[in-house]
Amino acid sequence: MASHAKIIIDEKEIELPTIVGTENEIGVDISDLRSKTGAITLDVGYKNSGSTTSAITYLDGEQGILRHRGYAIEELASNATFLEVAYLLINGELPKNEELTAFETNISRHTLVNEDMKNIFNAWPTGSHPMGQLIAMISSLSSFYPESLETNQTEHTKQLNVFRLLAKMPTICAMIYKKSLGHPFVYPQNKLDYVSNFLNMSFKHVTEDYTIEPVMVDALNKLLILHADHEQNCSTSTVRLVGSSNANLYASIGAGVAALWGPLHGGANQEVIEMLERIKNDGGDVSKWIDKAKDKNDSFRLMGFGHRVYKNFDPRAKIIKKACDEVLNKLGINDPTLEIAKKLEENALKDPYFIERKLFPNVDFYSGIIYRAMGFPVEMFTVLFALGRLPGWIAQFNELRSQKQPIGRPRQIYTGYTFRHFVKRGDRK
Ligand code: ACO
C-alpha cells in the first residue's frame, strides 16, 4: 500500500502524503504542492483528480460496483423504497421503522407549494423546456423560505429545508408537466406514498378518476433509486462547488439541475429516445449509425453509451434493461425503439471501436423507454432524473458543510498574452 509519493520538478524533489480510502483507493495529497514548489497540477475534466473525501457512495468503474453507505445498488433497487434510500444517503444509516415513519410524515407535511409559485408558472411561455423551469423553481424556494439564506442555521432549519425540498420536488415536477399540457395542476394527496403521489399529480386529470398502477409505482421507485447518487459526477460537483461559497441549499441544487441538463450528463436520456426515433424513421439500419458514431468527422455519438468512470459495465444499466422488459410486458406495450436499442447494444458491444474504448450502455440508455411507456414526454426525462438524484445532492451538500471545506476555486495555467500597453482607440491597427 502506497504511504507516500515523490514528485521531482526540475531538480527539486518533494514528498507528498497519500490518503487511502476504506476500499483501498489511493490518492496523492497535493495540498502543499504549490506552496513547496510553485507548481500546480493540470487535469482538464478532472479525469484523475479527487475533489473531496466522501463517505456516501462507493463506485468501482472497473468492476461495475455501486454502493450507497456500503449497500449494493442491486439490493437497494430490489428491496427498498425511494424514501428509505433517501434517508440512508442523507443520514448515513437505514432507518428503523419509527425513523422511517417520522421521515415520511415530515415529508408528507410539506408537499404543497406556496400558491404564489403558480404566478411564476404563468410567466413561462407554453413549450418552455421543463429543465429550465425546474432550475428556476428550485432556486425560487429560497424566496419563499428566506431563513434558508442564513449562513448559521439551527439544526431545525437545516432539516426543515431538506424536508421542504424533498417534499416539494415531486409537486414542482408534476406542475411542470401539467403546465406543458396546459392542464390544471393536481394537488398532492398526503395519504399516498411519495412515488404514487407524484404519479397521481402527473397523470390524474381533474375531470376523471385515475388508477395508480402498481407496476408503474414499482418501476418508478426502482428508477429513482438507481439515480439517487453517483458520487462526484458533473452535477454533484456543481452542487458542492456552489455550496462551498455558502450559497443556500436551494440555489446550490438549482445549479446542480442546470449541470444535469446537458446532453453529456442527465440530458442524455432525452437524446437517447430522439436518437432511437431517428434510427427507426431512417429504416432501422443500426450498423449505419454505429459507423456514424465511429466516424471522427461526424459529430454523432451513440447517446446512452460510454461513461467517465464505468469501464466494464454500468450496474444501473443492467437493472434498468431488465426492468424495461418487465414494465413493457406488464403494460402490454410493444415499443419498436426497444428492439432498436437492443440491436444497437448487441452490435456495438461486438465492435472493436467500442470494445477498445470500453464503451457500454449507461444508465440513460434504457431508462427513457420506461419513462415513455409510463406516458412521460421526452422533455420530462431529465426532470425525472433530477427527482431521483435529489437525495444524493442533498447528502453531498450536507457532507460538504460538515467537512467545513474551503471555497472551491481551481487554478489555471494561463496561456494568453504577456504584458502589453493599452493602445488608444484611433491608434489601433
Ligand atoms: N459514441 C461514440 N464514441 C464515444 C462515445 C459515444 N457515446 N463515448 C465516448 N466515445 C469515444 C470518444 O470519441 C473517445 O474516442 P477517442 O479516444 O478515439 O478520441 C473515447 O471514446 C473516450 O471518450 P471521452 O469523450 O474522452 O470520454 P469521457 O470520459 O470524457 O466522456 C461521456 C464520457 C461524456 C459519458 C461520453 O462517453 C459520451 O459523450 N457519451 C454519450 C453521452 C451520454 O450517454 N452521457 C450520459 C453519461 S451517464 C450520466 O451522466 C448520467
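The values are calculated or read from the model by the stated rules, or taken from the named source; none is laboratory data. Since this is a predicted model, take the numbers as computed values, not measurements. Neighbour counts are summed over all protein chains in view; Cβ atoms, including those assigned to glycine, are modelled from backbone coordinates with ideal geometry. Each accessible area value is taken on the protein alone, full model and side chains, heavy atoms only, with ligands, DNA and RNA left out. Shrake-Rupley method; radii C 1.70, N 1.55, O 1.52, S 1.80 Å.
Things worth noting here:
- Considering residues of segment 45-73 that are among the hydroxyl-bearing types (Ser, Thr, Tyr) and without any contact (Cβ under 8 Å) to a residue 60 or more places away in the chain only, the residue nearest to the ligand (Cβ to nearest atom): Ser49
- When the criteria are applied in full, Ala247 fails the requirement of being on the phi < 0 side of the Ramachandran plot and either surrounded by 22 or more Cβ atoms within 10 Å (Cβ to Cβ) or not hydrophobic (A, V, I, L, M, F, W, C) (or both).
- Flag if Asp218 is open to solvent by 40 Å² or more (accessible area, probe 1.4 Å), without any contact (Cβ under 8 Å) to a residue 40 or more places away in the chain, acidic (Asp, Glu) and within 21 Å of Tyr194 (Cβ to Cβ): yes
- Unique residue being near the ligand (Cβ under 9 Å from one of its atoms) and farther than 23 Å from Ala77 by Cα when the list is Leu349, Leu359: Leu359
- Ser148 vs. criteria more than 22 Å from the chain's Cα centre (by Cα), part of a helix (DSSP H, G or I), more than 21 Å from Lys204 (Cβ to Cβ) and hydroxyl-bearing (Ser, Thr, Tyr): yes
- Boolean, Asn312 is open to solvent by 60 Å² or more (accessible area, probe 1.4 Å), closer than 20 Å to Asp60 by Cβ and not in a helix (DSSP H, G or I): yes
- If you check Asp427, Asp351 for being in contact (Cβ under 8 Å) with a residue 24 or more places away in the chain, charged (D, E, K, R) and more than 28 Å from Tyr46 (Cβ to Cβ), only one passes: Asp351.
- Selected residue (criterion: most open to solvent (accessible area, probe 1.4 Å)) from residues of segment 315-333 that are among the β-branched types (Val, Ile, Thr), away from the ligand (no atom under 14 Å from the Cβ) and part of a helix (DSSP H, G or I): Ile319
- Any hit, segment 117-128, residues being farther than 20 Å from Leu387 by Cβ, open to solvent by less than 70 Å² (accessible area, probe 1.4 Å) and without any contact (Cβ under 8 Å) to a residue 24 or more places away in the chain: no
- All conditions but one from (1) in contact with a Gly (Cβ under 8 Å, 6 or more places away or on another chain); (2) surrounded by fewer than 16 Cβ atoms within 10 Å (Cβ to Cβ) apply to Arg389; the one that does not is (2).
- Only one of the listed residues (Ile172, Ile107) is in contact (Cβ under 8 Å) with a residue 60 or more places away in the chain, of a type in the set (Val, Ile, Thr) and closer than 20 Å to Gly256 by Cβ. That residue is Ile107.
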